[in-house]
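A short write-up of the structure that comes next.
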Amino acid sequence: AVESSIPEHMREAWKKFSPKGFTTKDEFESEAVKHIETTLARSLFNCDELAAYSGTALAFRDRLIIDWNKTQQRQSFADQKRLYYLSLEFLMGRALDNAMLNVGLKNVAKDGLADLGFRIEDIIAQEHDAALGNGGLGRLAACFLDSMATLNYAAWGYGLRYRYGIFKQEIQDGYQVEIPDYWLDFNPWEFPRHDVSVDVQFYGWVNKYTNDEGKQIVSWQDGEIVTATAYDVPVPGYGTPTVNNLRLWSSKASSGEFDFAKFNSGEYESAVADEQRAETISAVLYPNDNLERGKELRLKQQYFWCAASLHDIVRRFKKSKRKWSEFSDQVAIQLNDTHPTLAIVELQRILVDMEGLGWDEAWTIVTSTFGYTNHTVLPEALEKWSVPLIQNLLPRHLQIIYEINLQFLQSVEKRFPKDRDLLGRVSIIEESQPKMVRMAYLAIIGSHKVNGVAELHSDLIKTTIFKDFVKVYGPDKFTNVTNGITPRRWLHQANPRLSELIASKIGSYEFLKDLTLLNKLEPFVDDKEFKKEWAEIKYANKVRLAQHIQTTKGYSVNPKALFDIQVKRIHEYKRQQLNIFGVIHRYMAIKSMSPEERKKLVPRVSVFGGKAAPGYWMAKTIIHLINKVGEVVNKDPDVGDLLKVVFLEDYNVSKAEIIVPASDISEHISTAGTEASGTSNMKFVLNGGMIIGTLDGANIEITREIGEQNIFLFGNLSEDVEDLRHHHFYGDYKVNPELVKVFDCIKKGTFGDEGAFGALISGIVEHGDYYLVSDDFNSYCQTQDLIDEAYKDQDAWVTKSITSVARMGFFTSDRCINEYADTIWNIEPLDVAEEKEVRART
Ligand code: T68
C-alpha cells in the first residue's frame, strides 16, 4: 500500500487543487506565458526563441510530471515486478518534440506558439541534445525507454548524469577537433531529488571478525565517501498515461563530519580539492565506442553508479516488507553490456555483508535477478579490469569476485573433472601479469540469461567468445533478442509527412503502436498517386538535407542526385575507408570519361558523418581523408554535379532526424561478423531508403524480412573471414588492382599531403588488411554500379522502397521489449485502461 503523511480528512483539499495540466490552446498559452514571465522573468519585450522554447518546455514538463506522479503511484500500488535497465549511456536527443507528440498536443502547441509569434520548428530547434552516449548502445537504451513506457511496463532506467556529454565535433582544416559539450546550462527535463541520495564508498580495507554471538562479520572500513544525488528525467510513452522514470546519478563530496573537520582546521584548499575530486566521477562520458582502456576513473564511475542504483532498488524493495526470497519476483535488472557488472557483486555484498543472508541463498537471488546483454565480439572492446586496481578501489568486492569464481570453478570441475584447460579458460581471473578480471565472464556467471542483439551475433557469441560457457551451462542460458528502434521518433517525429501518408492509407496512426500494420501498405505498391506522393516526400526530405548542407557547409548539392549516406561512429571495422576509397574510384572514373559518357551517369552526393574517439588516430585519419577528397572533388569542374562529397560535422540524434529521412542509399558495410547488430540500418529502411550492406548484424534479418530483391548485398561472408585473415597473415594475398590505383592516386598527392594517409594504405598493403577492405572492394564497387542502374528506373525504385517499409514491422523496439519481458524479465505490462478512460472523460 502507498503510505501518506496527510491525514485522511485533509486529502480532499489535495484532490481538489491538484493540477490537471493543459489540454487546449488557450491553456497552453497561459502556462507558457506564466513560465516565461515568472519562472524565467522575461516578458513580451525580451522573449527570444530560446525563452519561448524554455516556456514551452516548462509547460510540457509540468504536464508530464502530473502523469509521472500518477504513474509512480499506480506502479507502487500495483506492486508488480519492475524492470531496472542499467546503462552507462542514454542517448536521448531532444525531448520537447517527443513530449508533444507523445501526449498528443503538438498541434495545440503549434497554434499556441503561432499566437505568441513563434514557429514551432524554430522553437524545437532551440533545444540542446541530451547526448549522454556514444552511439548505438546508448541510442538503443533510449529507444528501449520509449517502448517500455509506451507498452506500460513498470520500468526504470538508471544511469549517470554526466556534466559533459559526448564532445561536439568540429572540422578544422579537414581534421576533427573536440569541443566540450556542457549541456546542463538550462535543462528543464530533469528534477533534482536532493532528498534521494546514496553514500558510496571507495578504497579502505576489509575487517573480518567474529562478534559476541559468534557470527562472522565482514566490514569494509575507512574508505572515502562520495554522495550520489538522484536527478529524475520523465520518460513519456506514446498515447498512454504512463510516464516512466530515468534516474541519473550525480556525484558530490559527502557532507560528512570529515569535511567539516578539515574546514575548521584550516585545510580549506584540500577540502575544496576533495569536493572537486568527488565531482569528477560524474563529470565526463568516456568517448570510446567499442574500445576499453582500463582507466581508474571509469571503474569509479561504474561502481558509483551501480552502488547508488542497487541501494535505491533494495531500499524500494525493503519498503514492501517482503521476504528476501521474493526479491527476484519483484525485481529484474538488465545489464546493458558489461559496464554495470559490478552490480552483481554489489547485490551479493548487500545481501551477505549487510543483510546477513547466507552465501548460497544470496547467490540464488542474485543470479535470478540479473540478465546480461552483450553488444560486441571485438576483443578490444571486452572489458577487463586489473586485479590490483580493484583490490585498491574495492577491496571487499575483489574478495567476493574471488569467492564467486571459486564456487563456479568447483562446480565446473565436478562436471568436467578431466578438463584442466577448461577451468583456466572459463575462470573469471585471467592469469596474466597483472591478473585481470574478465567482466563478461562475471556477467555470464552472475546472470540467468545472456543475450546477443541480432541472430548472427547471438550465434557468434555462442560459437566463439563464450563457447566454453555454452559447454558449462548448456545452450539455453544464451538467447537472441534482435534490436529494434522506436517508430515514434524514427518515423513519426523525424518524417511526419511520410507518417501522415502511411496513416492515410492504413486508416489510422495505430501502426505507431503496432508496427506490423505497415504490411497494409503492400496492396498500394501499384497505386500511381500514392507512389507519386511517396517519391515527393523523399524528395522534400532531400531538399531539407540539402538546405542543411547549404547552411552548415556553405555549398549547394543537387537534391535530384542520388543521396548516398554513411553516418555512424568512425571505426575501422565499420569501414568508412572502404566507402571513401570507392568514392575516389568513382572520381577517377569520371575524370577519365568523355563528356558523352559522363552524361549517362547518375549524379551522386556522398554524405559522411560521425565522430572518432579522440584517441583513435586511424579513425581520425579516415575523417581527414574524407574531408580532403571533398575539397578536391567538390570544386573540380570536370565533375560538377556528378559527384559531391560531404562530411557533416557533429553527427548526433537531432541531426540524424534530418539525415535519415533523406537517404536514397545508406551504407552498412562492416566486415562480416563485426557489427553486432546496427540499428541505423533499420531507421533508414523504415524511412524508405535502400541499403547497401554486408551480410552482417541485423542486415541479415532485414534482408529476410524485406526480400533479397530490395537490398544491395555484397562482400565476403562471416564464415570465410577467419580463413581470409589467415592467408593475409602469411602474406599470401594480392591487393585488388583497382584499389591499388586508388592508393596511387592518393600517393600522388591528389588530395594534398600524401604522407598523411600512409598508415591507412599500409594497413591494407603491408599489415594484413585485417578488415578485408581489399577482399571486398570489387564486390562493393560492382554493387554500387548496380545501384546506379537501379536508380535510373525510378518507378521500380519506389516500388522497392514502399515494399521494404511495408515489411519493416519486425524492427520496432516494442517487439524487442516484449521479447525481453517474456523471455528474460518475466514481467507484465500494467493495466492503464481505467486511467485512460478517466483522461478521455476529463
Ligand atoms: C553497438 N555498440 C554495436 N558500443 O556496435 C552495434 N562500447 O552493432 C549495436 O547495434 C548497438 O551497440 C546496440 O546493440 C556500441 O555502441 C558502445 O558505444 C560502447 C560504449 C562504451 C564502451 C564500449
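The values are calculated or read from the model by the stated rules, or taken from the named source; none is laboratory data. The shown structure was predicted, so the numbers you read here are calculated from the model rather than taken from an experiment. Counting neighbours? That spans all protein chains shown, and the Cβs are built from the backbone with ideal geometry, glycine included. All accessible areas refer to the heavy atoms of the entire protein, side chains included, with ligands and DNA or RNA removed. Shrake-Rupley method; radii C 1.70, N 1.55, O 1.52, S 1.80 Å.
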Residue tally, condition assigned to a helix (DSSP H, G or I) and touching a helix residue (DSSP H, G or I) at 6+ places or on another chain (Cβ under 7 Å), over region 354-385: 7
Residue match in region 7-14 (condition: among the aromatic types (Phe, Trp, Tyr), part of a helix (DSSP H, G or I) and at pLDDT below 90): yes
Region 620-632: number of residues that are farther than 13 Å from ILE171 by Cα and surrounded by fewer than 23 Cβ atoms within 10 Å (Cβ to Cβ): 1
Single match in LEU310, LEU297, LEU291 (criterion: more than 16 Å from the ligand (Cβ to nearest atom) and either open to solvent by 10 Å² or more (accessible area, probe 1.4 Å) or not in a loop (DSSP other than H, G, I, E, B) (or both)): LEU310
Residues of region 279-288 classified as of a type in the set (Ser, Thr, Tyr) and open to solvent by 30 Å² or more (accessible area, probe 1.4 Å), total: 2
Residue within region 345-365 that is within 19 Å of TRP249 (Cα to Cα) and not small (Gly, Ala, Ser) present: yes
Answer residue from region 678-709, given it is open to solvent by 10 Å² or more (accessible area, probe 1.4 Å) and assigned to a helix (DSSP H, G or I) and is nearest to the ligand (Cβ to nearest atom) among those: SER680
Tally, over region 356-388, of residues that are open to solvent by less than 40 Å² (accessible area, probe 1.4 Å), more than 16 Å from the ligand (Cβ to nearest atom) and under 31 Å from the mean Cα position of the chain (by Cα): 7
Residue satisfying condition, being aliphatic (A, V, I, L, M), within 16 Å of the ligand (Cβ to nearest atom) and in contact (Cβ under 8 Å) with a residue 12 or more places away in the chain, within set LEU96, LEU88: LEU88
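Take the residues of region 637-650 that are outside any strand (DSSP E or B) and touching a residue at least 40 places away in the same chain (Cβ under 8 Å): which is farthest from GLU597 (Cα to Cα)?
That would be ASP650.
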Yes/no for GLN550 being polar (S, T, N, Q) and out of contact with any Gly (no Cβ under 9 Å at 6 or more places or on another chain): yes
Where ALA613 falls short, out of the listed (1) open to solvent by less than 10 Å² (accessible area, probe 1.4 Å); (2) away from the ligand (no atom under 16 Å from the Cβ); (3) not in a strand (DSSP E or B): (2)
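Show me the strands (runs of 3 or more DSSP E) found entirely inside region 110-201 where at least 1 residues are aromatic (Phe, Trp, Tyr) and open to solvent by 10 Å² or more (accessible area, probe 1.4 Å).
Hits in region 110-201: 155-160, 175-179.
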Residue match in region 558-565 (condition: among the acidic types (Asp, Glu) and over 26 Å from the mean Cα position of the chain (by Cα)): no
Only listed residue being buried (at least 19 other Cβ atoms within 10 Å of the Cβ) and either among the β-branched types (Val, Ile, Thr) or at pLDDT below 95 (or both), chosen from VAL206, VAL243: VAL243
Among the residues listed as SER76, SER30, the single one being more than 22 Å from HIS128 (Cα to Cα), assigned to a helix (DSSP H, G or I), touching a residue at least 24 places away in the same chain (Cβ under 8 Å) and open to solvent by 30 Å² or more (accessible area, probe 1.4 Å): SER76
In region 656-677, the residues that are more than 14 Å from the ligand (Cβ to nearest atom) and outside any helix (DSSP H, G or I): SER663, ASP664, ILE665, SER666, GLU667
Residue ranges of helices (runs of 4 or more DSSP H) in region 413-521 with at least 2 members among the hydrophobic types (A, V, I, L, M, F, W, C) and more than 16 Å from the ligand (Cβ to nearest atom): 420-426, 439-445, 467-473, 496-506
Cross-chain or 6+ apart pairs with Cβ under 9 Å, region 385-397 first and without any contact (Cβ under 8 Å) to a residue 40 or more places away in the chain, then aliphatic (A, V, I, L, M): GLN391/LEU398
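Every residue, every condition in (1) polar (S, T, N, Q); (2) modelled with pLDDT under 95; (3) not assigned by TED's automatic domain parsing to the domain that holds LEU382, yes or no:
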position	(1), (2), (3)
ARG420	no, yes, no
SER432	yes, no, no
LEU442	no, no, no
GLU455	no, no, no
THR464	yes, no, no
LYS477	no, no, no
ARG497	no, no, yes
Residues (assigned to a helix (DSSP H, G or I) and at pLDDT below 95) located in region 788-839: ALA833, GLU834, GLU835, LYS836, GLU837, VAL838, ARG839
Residue that is most open to solvent (accessible area, probe 1.4 Å) [pool: residues in region 505-557 that are acidic (Asp, Glu) and over 27 Å from the mean Cα position of the chain (by Cα)]: ASP526
Qualifying position, being part of a loop (DSSP other than H, G, I, E, B), modelled with pLDDT of 95 or more and of a type outside the set (A, V, I, L, M, F, W, C), among PRO388, PRO340: PRO340
Count of region 404-437 residues which are open to solvent by 40 Å² or more (accessible area, probe 1.4 Å), among the aliphatic types (A, V, I, L, M) and within 32 Å of the chain's Cα centre (by Cα): 1
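For the subset of region 340-355 comprising residues that are surrounded by fewer than 24 Cβ atoms within 10 Å (Cβ to Cβ) and touching a residue at least 12 places away in the same chain (Cβ under 8 Å), which member is farthest from the ligand (Cβ to nearest atom)?
Let us first name the residues in region 340-355 that are surrounded by fewer than 24 Cβ atoms within 10 Å (Cβ to Cβ), namely 348-355.
Adding the requirement that they be touching a residue at least 12 places away in the same chain (Cβ under 8 Å) leaves 348-353, 355.
On the way: GLN348: 24, ARG349: 25, ILE350: 26, LEU351: 29, VAL352: 30, ASP353: 30, GLU355: 32 Å.
Checked region 340-355; the qualifying residue farthest from the ligand (Cβ to nearest atom) is GLU355.
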Given (1) open to solvent by 40 Å² or more (accessible area, probe 1.4 Å); (2) under 21 Å from PHE777 (Cβ atoms), index of the condition ASP641 fails: (2)
Counted residues, region 54-73 - those being without any contact (Cβ under 8 Å) to a residue 60 or more places away in the chain and buried (at least 23 other Cβ atoms within 10 Å of the Cβ): 4
